[in-house]
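Below is one structure, written out as structure tokens; the observations come after it.
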Amino acid sequence: MKYTRNFNELTKNDAHIAGGKGASLGEMLQHHIPVPDGYVVTANTFDYFTRETDLIQEIDAILDTVDTKTIHTVEHASEKIQALIKHVEMPQDIADEVLVQYKNHNMEYVAVRSSATAEDGADHAWAGQLDSYLNTTEENLLEMVQSCWASLFTPRAIFYRFEKGLHSTHISVAVVIQKMVNSEKSGIAFSVHPVTEDYNQIIIEAGLGLGEAIVSGSVTPDSYVVTKEPLEIIDTNINTQNKALYRSSTKTEHGFNEWKDLSEAEANQQVLTKEQIIELSSIIITIENHYGFPCDIEWAFEDETFYIVQSRPITTLNKEAKIDQKKEKWVIAAGDFNTPFIKNYCTALGYANYKKKYGFIKSVGVLSRDGDSEYIVLLSTWEKAHESLKKIITNEPKYLENIIENIEISGADFNEWTKENFVFDILDKLNNKQLLNLLEIFIQKQSHLYTLGTVFSILDYGEYKFVENNLNKIINKNFKNKENCNQVFEVFTTPTSCSFEKEQELELLNLSKDIPDDFFDEYVSLDISKIKLNHSVFINELEKHTEKWAWLYYSYMGPAYSEKDFLNIIKDLTKQGVNYEERSRKHTDEINSIRKKREKYIQVIKPNEFEKSILNIAEKMVWAKPRRKDYQSKSYYHLSFLLKEIANRLNITLNQSFYCSLDMLKETLENNASIDIEKIETIKNLHIIIPSEDAEVFVYLGKEAEQFCKLEIQAKPVKDKNTTEIKGSTAYKGKVIGIVKIINKPQEMEKMEIGNILVSLATTPDIITAMKKAAAIITDKGGLTCHAAIVARELKIPTIVGTEIATQVLQDGDFVEVDADTGIIKIISK
């Protein structure tokens, strides 16, 4: 068992082993925030300690005697439990590892801090409940660790536990051991003003010496108020500080610290200079931007360097007031490519329409700059929606199946509606009113498809993958060998229903099976009109195929596939030696094989009702994810015809029409007026769309949008672009080397050659032909059930997903090794 973890091994998701304090320090260090080096004695170690020393039963028995209304029972319980923990001998294996780590980190003085596993969360702040010991040395390190363990049961901590209803909850404690900053100056800061609750104001408190003086309330610190936008100091309050706490070479009543009197000049000086206040404020803004919520921060200053020694959520803010002030920060959640304004508008309308049904109206907005868009979320409401859906599905797994079924029903409904009401070649015959009416109905249909897709994608939010995690639990419980587990996972996440893409490919191969072997040698340029002279039957069938499937790879803004594009697919498949009979037989054999394997694995698992639903949902979920994107592609393909007709009537380009709201189109078409070209360009440059609580959709443009971005939207953290090794999750195993090609848009596919390594933010259906040429696929985003992973398993291409930084680190032409067995990409040469 490993008893300690270095800070650089921890993230914010490790609070269960490192406590809130330890996890936060690791998270900040990972994101280049200045944190003093150190390590954590994990909460698992404390649990092991109480088991090995037989203390756990005694502690529980003593806690059962506590009555918080009778204060002496709390004090007696505390005294007994702390004495037990402090005086029992620490197991030697724990002691050895704690001391070895101390030497490895080359630290003389350390701060030893308690870090409870329920600490520093948004709902429960244990600040001040547990103990910390500053300027600790190797000589008394183990004693201080046990004292931190014992502080989980101080009278105030026991009372807090009962007061917050946590007495029946398992709470453990980790211990942070961190290099001690010999602070010349120190203090605390709040990234949101805790009194006025102004989200554009930072407040910093600063004192001389060690921060314990301020935390304990022994001195009155300076205070500075700083605005975030613009970044400037608006208030300075200097207080007299007659004494300061400093490190001591000998132990005093304050530990290895001692109070020193300050001279009159020192006592009345401003602690931080203007430049230092601005520098610290920038660090505070970075921390808040990274976490996505207001933070309470402890800082220290030594040798002209600021260090952050702790960060936790501010738990005292009025959450309702925060929403009412419209001061919530929106964080960038995901990227989208070339997303038109009309689509964003449809999306917002969709959220509004389904507000009551899904209850997350305010969680999602859209930010669009220069034609490219990103989804932005209010993290608090997004997480609430996610947690709400998680609870519903845990209690009623068929709820997710209903969402999946609604995706299929909505898609089928859209198909029927377009067949009955949408004839491309008569759009020009409609008058303006009829055209607008068709567009309005279309928007409602499209927004329905988008909303269901968004509800579906919430289930994959963050690191929590409901179906994926539960499926892995079921598999790991029943199949011990890792190789077997991977195979079983693949079987249960491979759809047996035919995808649109597979259906199209088989039809294409079928119609091309009779073309001569030397066909592509004769028609190198793929001139359709020339080919038709000698192969009219084939080209007529190809034209019918194109009419049926042109939309499949359209995505958001096309272009739609032409006869030549489909002929290129045939050319690539022929070059790879693929034919209809072989591919059709192989597809049928694979489906039959998967079904047989499932039956076999189910006999081993013997699933209960919940497990049955997960096994059933897994396949449906993987099938539904690309299906919903297919329906969206089809809707945008149809939308382009509508907008093309509207653009012709308004004398604007098709691209410009994408950035016109429904209101703008109504105003111009109904009144035969001219469209505002300048406004279209403003929209294209920057716009933000946010649905409100009452289902109204707000659109911010121009300076208003710029101001909103500065104050409300947090930037993505900058990643390390100089690394030579990138890590991600294996979606399909294999090991290859090759040349990198970055492909995020259909227009970039021309550079893709067979055997290249395709690198993308997140693959989409419109780059599927490039994916089929790839020797391996790498993505920034996605999990084991994302689009890239699904395609990888179908095409048997080594794939690594969720790297976060691949598109930032790699460039076209880089030579890399993709080891999808381990999930590691190594850069061989650039």
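List of remarks:
- Meets criteria (under 24 Å from residue 162 (Cα atoms) and in contact (Cβ under 8 Å) with a residue 12 or more places away in the chain) for residue 7: no
- Flag for residue 75 being of a type in the set (D, E, K, R), surrounded by 16 or more Cβ atoms within 10 Å (Cβ to Cβ) and not in a loop (DSSP other than H, G, I, E, B): no
- Qualifying residue in region 537-551 (condition: touching a residue at least 12 places away in the same chain (Cβ under 8 Å), of a type in the set (Asp, Glu) and not assigned by TED's automatic domain parsing to the domain that holds residue 750): yes
- Checking each residue in region 170-220 for being assigned to a loop (DSSP other than H, G, I, E, B) and at positive phi picks out 197, 217.
- The residue list 522, 543, 563 contains one member that is at pLDDT 85 or above, in contact with a helix residue (DSSP H, G or I) (Cβ under 7 Å, 6 or more places away or on another chain) and surrounded by fewer than 16 Cβ atoms within 10 Å (Cβ to Cβ), which is 543.
- Scanning region 224-251 for residues that are within 20 Å of residue 267 (Cα to Cα), surrounded by fewer than 18 Cβ atoms within 10 Å (Cβ to Cβ) and not charged (D, E, K, R) gives 236, 237, 238, 239, 240, 242, 246.
- Top-ranked residue of region 51-72 - restricted to ones that are outside any helix (DSSP H, G or I) and surrounded by 13 or more Cβ atoms within 10 Å (Cβ to Cβ), ranked as modelled with the lowest pLDDT: 68
- Candidate set from region 539-555 (those that are among the hydrophobic types (A, V, I, L, M, F, W, C) and in a loop (DSSP other than H, G, I, E, B)); member that is nearest to residue 640 (Cα to Cα): 551
- Residues (surrounded by fewer than 18 Cβ atoms within 10 Å (Cβ to Cβ) and not basic (Lys, Arg)) located in region 795-818: 795, 804, 805, 808, 811, 812, 813, 815, 817
- Scanning region 646-655 for residues that are buried (at least 19 other Cβ atoms within 10 Å of the Cβ) and either part of a loop (DSSP other than H, G, I, E, B) or not aliphatic (A, V, I, L, M) (or both) turns up just one, 652.
- Matching residues, region 221-242, being modelled with pLDDT of 85 or more and either assigned to a loop (DSSP other than H, G, I, E, B) or not assigned by TED's automatic domain parsing to the domain that holds residue 193 (or both): 221, 228, 230, 231, 238, 239, 240, 241, 242
- Verdict on residue 142 being surrounded by fewer than 20 Cβ atoms within 10 Å (Cβ to Cβ), modelled with pLDDT of 90 or more and of a type in the set (A, V, I, L, M, F, W, C): yes
Residue-wise test of (1) within 28 Å of the chain's Cα centre (by Cα); (2) part of a loop (DSSP other than H, G, I, E, B).
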{"site": "596", "(1), (2)": "no, no"}
{"site": "607", "(1), (2)": "no, yes"}
{"site": "619", "(1), (2)": "yes, no"}
{"site": "622", "(1), (2)": "yes, no"}
{"site": "627", "(1), (2)": "yes, no"}
{"site": "688", "(1), (2)": "yes, no"}
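- The one condition from (1) surrounded by 20 or more Cβ atoms within 10 Å (Cβ to Cβ); (2) modelled with pLDDT of 85 or more that residue 106 does not meet is (1).
- When 96, 54 are checked against the criterion of being under 20 Å from residue 139 (Cβ atoms), among the acidic types (Asp, Glu) and free of Cβ contacts under 8 Å to residues at least 24 places away in the same chain, a single residue qualifies: 96.
- Against the conditions (1) in a helix (DSSP H, G or I); (2) modelled with pLDDT of 85 or more, residue 674 satisfies every one except (1).
- Among residues of region 260-288, those that are in a strand (DSSP E or B) and surrounded by 18 or more Cβ atoms within 10 Å (Cβ to Cβ), counted: 0
The values are calculated or read from the model by the stated rules, or taken from the named source; none is laboratory data. Since the structure is predicted, the reported quantities are computational estimates derived from the model, not experimental observations. Glycine also receives a Cβ, built like all others from the backbone with ideal geometry; neighbour counts cover every protein chain displayed.
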